[in-house]
Amino acid sequence: MNDTLINQPAGEDRPRQMYVLEETGFKEVPKKFRRFYRKWGGPSDTLAPNEVLCPVCKIVIRSLQELRVGDKVYCMPCMSRLIVQEEGGRLVARVNY
Ligand SMILES: [Zn+2]
């Protein structure tokens, strides 16, 4: 992490930060998809910029890149198609019909 990255505005032009996902021990999906999900630790659980909470089953969905408003994510545990939105300055997922 360096100062120039921190101080840049969150515009669409800014390259997205990429993440390396590690096995989380999440057993509810096939092994090859486990690293894309993890159990939520409750309200005190801080989500990373590449993570968003599924509003349906309360599982944390993890992306290989930083998430932004308008991104579509898929929650495999409950088969919900979700879209990333902003609410009170935080990213939240809403069911995308
Ligand atoms: Zn879900």
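In segment 50-79, which residues are within 20 Å of Pro15 (Cβ to Cβ) and either among the β-branched types (Val, Ile, Thr) or touching a residue at least 40 places away in the same chain (Cβ under 8 Å) (or both)?
Scanning segment 50-79 gives Val52, Arg62, Ser63, Leu64, Gln65, Glu66, Arg68, Val69, Val73.
Just to be sure I understand the filter: pairs with C-beta atoms under 8 Å, separated by 6 or more residues or on different chains, first member in segment 80-97 and in contact (Cβ under 8 Å) with a residue 60 or more places away in the chain, second member of a type in the set (Gly, Ala, Ser). Which pairs pass?
Close Cβ pairs (under 8 Å, with a partner that is of a type in the set (Gly, Ala, Ser)) do not exist here.
Hey, could you check segment 88-97 for residues that are in contact with a strand residue (DSSP E or B) (Cβ under 9 Å, 6 or more places away or on another chain) and either at pLDDT below 95 or open to solvent by less than 60 Å² (accessible area, probe 1.4 Å) (or both) and say which is nearest to Asp13 (Cα to Cα)?
Leu91
If you scan segment 44-67, which residues turn out to be surrounded by 15 or more Cβ atoms within 10 Å (Cβ to Cβ) and farther than 23 Å from Met79 by Cβ?
Listed by number, the residues that qualify are Pro49, Glu66.
Which residues, taken from segment 55-81, are part of a loop (DSSP other than H, G, I, E, B) and either among the basic types (Lys, Arg) or touching a Ser or Thr at 6+ places or on another chain (Cβ under 6 Å) (or both)?
Once the filter is applied, which keeps residues that are part of a loop (DSSP other than H, G, I, E, B) and either among the basic types (Lys, Arg) or touching a Ser or Thr at 6+ places or on another chain (Cβ under 6 Å) (or both), segment 55-81 yields Val56, Lys58, Arg68.
All but one of (1) out of contact with any Pro (no Cβ under 6 Å at 6 or more places or on another chain); (2) closer than 17 Å to Lys39 by Cα; (3) within 9 Å of the ligand (Cβ to nearest atom) hold for Cys57, so report the exception by its number.
So Cys57 meets the others, but not (1).
The values are calculated or read from the model by the stated rules, or taken from the named source; none is laboratory data. Worth saying up front: this structure is predicted, and the values here are computed from it rather than measured. No Cβ is skipped: glycine too gets one built from the backbone with ideal geometry, and neighbour counts run over all protein chains shown. For the accessible areas, the whole protein counts, side chains as well, though only heavy atoms, and no ligand, DNA or RNA atoms are used. Shrake-Rupley method; radii C 1.70, N 1.55, O 1.52, S 1.80 Å.
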